[in-house]
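All of the numbers you see were taken from the coordinates with simple rules; none came from a lab. Worth saying up front: this structure is predicted, and the values here are computed from it rather than measured. When we count neighbours, we look across all protein chains shown, and the Cβ atoms used for this are built from the backbone with ideal geometry, even at glycine.
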Amino acid sequence: MRDVHAAFSFRSIVLKGTSALTGLLWLGSLASLAAETGSYRINPNDVLQITVFGQADLTGQYPVGPDGSIGYPMVGSVTVSGLTPSQVGERLGKALAQHMPGLAVTATISQYAPVFVLGDIRTPGKYEYRPGMIALELLALGGGAGKGESPSVTAGMQMISARQEYADLQLQMFALQVKRARTEAELEGRTFEYTLPPVVNDEDKTLKQRVIDGEMTLFNIRRNTLAAEERALGSQVDSFSDEIKTLQASIRLHNDEIALLQENVNSSKTLVERGLAAKSSLREMERELSSTRRDALELGSFLARARQSQLAVQQRIASLGDVRRNESATNLQEIDLSLARMKRKSQSLLDSMAEIAKASGNVSSSDIARKMTFTVLRNDDNSYQEIAANERTEIEPGDILRVEFDLSKLTEPRS
């Protein structure tokens, strides 16, 4: 009986501990997702999202310290710097297997290490890193280069920032449109496909293809996660079925035993009444019969609980699809609202660039761009390396961008 009770308690713990491995990624994490499934290497000051299927206490966000390690429950300090997110998941899975075998562990980038810009910049300081960021984008976030320029130079700098902001906004709008197509596919239960539209240059083509690939990866992850959860819950249903069959068989055996004991008790009563048997023997048989009946009642209680738990899991399986569809429908509404806002902002930027062009005089944004120099300080094995860069250099998490601008050279003739 204790074995049966322990088995039931274990099933109940498993049922309560199982949780859906779901969650939508924000627009800015699309390229992040593509990087995580590729060759992105974790840096100090990144923040990792560690997810352990069915273990809420082991799931959460863990910052990477300056030494390149995270502190993780049950495992302790784990070095993750230089590893890909998938390698981190494998390392934690192996470490946890020593304590709790069979856990599925995944790691993703929740937040990248910040980037910095300094030098001839209007607003130097720390900024949030976004995958695919280039030096000119970080320059725009810092308000543009130069301090105290003439009105025409100021207008030229504003034009650089406005153009970069407009280009970045167009990419975000494209990413939202791809996300909308992916969300619609999930809502309608069909395959996600998106054809890359004609683009002006190879750089735009590469960036937009990365967005599409990121959404495709996310679509496959969510679909596979849903299927995995359905399989896991299905296994629980099967386990409860086996437990129910075992309990039913035990109850039948107890009922047979009760019938036999009852016959023995009746026979013993007859013998006692005739004076052919001692009452003590009859009392012992009655106690055994009573104990067996209690065991049968307890098994019946376990059987009812097992059936109730199995029904709860079956209801959960049935609700998985509805939950995903409701989630997708809500996200579609949010995406449509964001697209509408971005379209208004896009038009506002176009109007602003028209006004800036009137004030720029004879100093063009290309003239100003030619007189800026970029240098990137990048952390390499706990020592910063100085790298010559340009406005198109791709920024990495933790980089420090130095911008220098020589106003005196604006009067020099073009070579």
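What to note about this one:
- Pairwise FRET efficiency - Glu188 versus Arg392, Cβ, R0 = 56 Å, nearest 0.05: 0.90
- Coupling constants for region 102-119 follow from the phi torsions by the Karplus curve (6.51 cos²θ - 1.76 cosθ + 1.60, θ = phi - 60°), and in residue order they are x, 7, 9, 10, 10, 10, 9, 8, 7, 8, 7, 4, x, 10, 10, 9, 8, x Hz; glycine and proline get x.
- Column: log10 I(q)/I(0), Debye, Cα scatterers of region 153-360, q = 0.07, 0.11, 0.13 Å⁻¹: -0.52, -0.77, -0.90
- Principal semi-axes in Å for region 46-111 [√(5λ), Cα gyration tensor, largest first]: 18, 12, 11
- A simple count of charges around Leu320, restricted to other residues whose Cβ falls under 9 Å of its Cβ and scoring Lys, Arg +1 and Asp, Glu -1, yields -1.
- With R₀ fixed at 25 Å, the C-beta to C-beta distance from Thr195 to Ala228 puts the FRET efficiency at about 0.30.
- Sorting 87-93, 68-74 by average packing, meaning the other beta carbons within 10 Å per residue, from highest down gives 87-93, 68-74.
- On the beta carbon distance between Leu320 and Asn266, with R0 = 56 Å, the FRET formula returns roughly 0.55.
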